[in-house]
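A short worksheet on the structure shown next.
What follows is calculated from the coordinates using simple rules that are stated; it is not laboratory data. It should be emphasised that the depicted structure is a prediction, and the values quoted were computed from it without experimental measurement. Glycine gets a Cβ as well: all are built from the backbone with ideal geometry, and neighbour counts include every protein chain shown.
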Amino acid sequence: MRTVIINRFSPNTVNYEEWLRGINSEFIIFSKHKHIEHFGEFFDEKIGYENIDTDERVFSAIVQLHQTKKIDWIIAAHEFDLLKAGQLREYLNIKGQTAESALAFRDKVVMKEMVSEVANVPAFVRINHVFDLMEFKKKHGLPIVIKPVDSAASVGVKIVRDETDFERLLANGLDKNLEAECFVDGDMYHIDGLYENNKILLYSPSRYINGCLAFQDNNYLGSVMLDKEDLLYERLQQTLLTVLNALPVPDHPIAFHAEFFHTGNDQILLCEVACRVGGGEINDGVKYATGIDILQESIRSQCGQTIKLNQTSNRLTGWMLVPPQNGKLLSVNSNLPFEWVLKCTIKEENIGKSFNGAESSVDAIASLLIYGDSQTEIENRLHMLYLWFQENTVWEYRTDPVIIGHTHE
């Protein structure tokens, strides 16, 4: 057996050697130059590219490999690789997720067109030209949301609240591959887990704190898992199952990351759903809560392996991403005094670096994972933790040092 892996992740995120050990296959990995040397002797061949994001030689090289010896499986777990991997499988007649399936999860318009018959979605339109947008505004009014149909981490998302915003949007020109949606006022939930054959194998629902656009206001993005007694716990599960059953899902287990709105008049609407692991601390949060590694199992399933669903834990977790501010980061105190913090990641290379705020929902100077006995306790702890970070982070704004809270040695 021969398996090709298209990888964008850091070796700190994926442990292919451990996850794929014992599988009788030749493994060939394509990754960034800076990561290749950190992948061990487990791989039969390691091929690096300076910019794997745009270098199409990756795919011509895989085609050439297939011509010399048949490739049986292609593994791709990063969101930006799913569609091209599906096209590659079809081109080489390899089993796995097709381009049609990947597109349904990547293109937000295609997705909502497929789902709108069975679930609530916001009114939407693909923007082919400015007149599509003008007609949508005329029909639905403001506010509306403009977003790329295939972006991630809320990059490029704009809320057009009034005529001033609309004029500014037109003045700056419209990018390609956009859609417009009616703005939905409500809480946003994300659901993560595993799915196969019309069944949810692992279900982990959470509620966002501050929302995925919090970074645009220099606020933190947080998340807290739901208690099973939460009134939305079962409703979200049933809505999710309806959505996934309406999409062209591969014939093997997939990871999913779905987002839903819950409105003031008690409606649940789909925001979007992806067939990959969510960002931030979602994977580790689910792993600490259940003992199941969604990323690991989604990777194993792509090369024909039976996934392992032995739940060894049953607790609630929450996480927080602390965004950069507009200024130079001078120091961050990493000595957290809270025993309920499971994981704290502070990138030391950011010390001394200047920022213009966050550029996406997952852009952060620190990420933290915590646990608690209830969603209320976790939410309170997240707020406490953010206040602590404000008091223990030093920024320099313009030319004068400005200290948020207290300094530390």
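A protection proxy built from the mean count of other Cβ atoms within 10 Å ranks the segments 223-232, 184-193, most packed first, as 184-193, 223-232.
Think of each Lys and Arg Cβ as +1 and each Asp and Glu Cβ as -1; about the Cα centre, that makes the dipole of segment 123-182 roughly 40 debye. Rounded to the nearest 20, the Cβ-based charge dipole of segment 2-95 about its Cα centre (Lys and Arg +1, Asp and Glu -1) stands at 240 debye.
Among 100, 179, 349, sorting on how many other beta-carbon atoms sit within 10 Å of each Cβ, with the fewest leading, yields 349, 100, 179. With neighbours defined as other Cβ atoms within 10 Å of a residue's Cβ, the residues 131, 105 order from fewest to most as 131, 105. In the chain, a dipole from Cβ-located charges (positive for Lys and Arg, negative for Asp and Glu) runs towards its positive end, and of 68, 263, 22 it is 68 whose Cα lies farthest in that direction. Considering only Cα atoms, the convex hull volume of segment 1-144 works out to 168 Å³ per residue.
Could you work out the Kirkwood radius for segment 27-79, taking every pair of different alpha carbons, averaging 1/r and inverting it, reported in Å? The Cα-based Kirkwood calculation yields 11.9 Å. Please name which of 104, 388, 273 has its Cα lying farthest along the dipole of the chain towards the positive end, using unit charges on Cβ (Lys, Arg +1; Asp, Glu -1) and the Cα centre as origin. Final value for the positive-end residue is 104. Taken along the Cα-to-beta-carbon direction at a fixed 7 Å, the label points for residue 383 and residue 198 span 4.5 nm.
With neighbours defined as other Cβ atoms within 10 Å of a residue's Cβ, the residues 262, 38, 257 order from fewest to most as 38, 262, 257.
Given R0 = 22 Å, the distance between the Cβ atoms of residue 231 and residue 161 translates into a calculated FRET efficiency of 0.15.
Only the Cβ atoms of Lys and Arg (+1) and of Asp and Glu (-1) were treated as charged; on that basis the dipole of the chain about its Cα centre amounts to roughly 760 debye. Over all Cα atoms in segment 123-182, the spread is summed up by Rg and Dmax: 10.4, 29 Å.
Here the alpha carbons of the chain define both size measures, Rg and Dmax, at 22.0, 63 Å.
Wrap a convex hull around the Cα atoms of segment 238-300, take a quarter of its surface area, and give that in square nanometres. Over every viewing direction, the Cα hull of segment 238-300 projects on average to 5.3 nm².
The residue list 129, 240, 226 was ranked by how far each Cα lies along the charge dipole of segment 102-258 toward its positive end, using unit charges on Cβ atoms, and 129 comes out on top. In terms of distances greater than 26 angstrom between alpha carbons, the cross-link table entries 69/287; 34/147; 84/112; 46/353; 32/70 yield 69/287; 34/147; 46/353.
Electrostatic tally near residue 231: other residues with Cβ closer than 15 Å to its Cβ, Lys and Arg +1, Asp and Glu -1, net -3.
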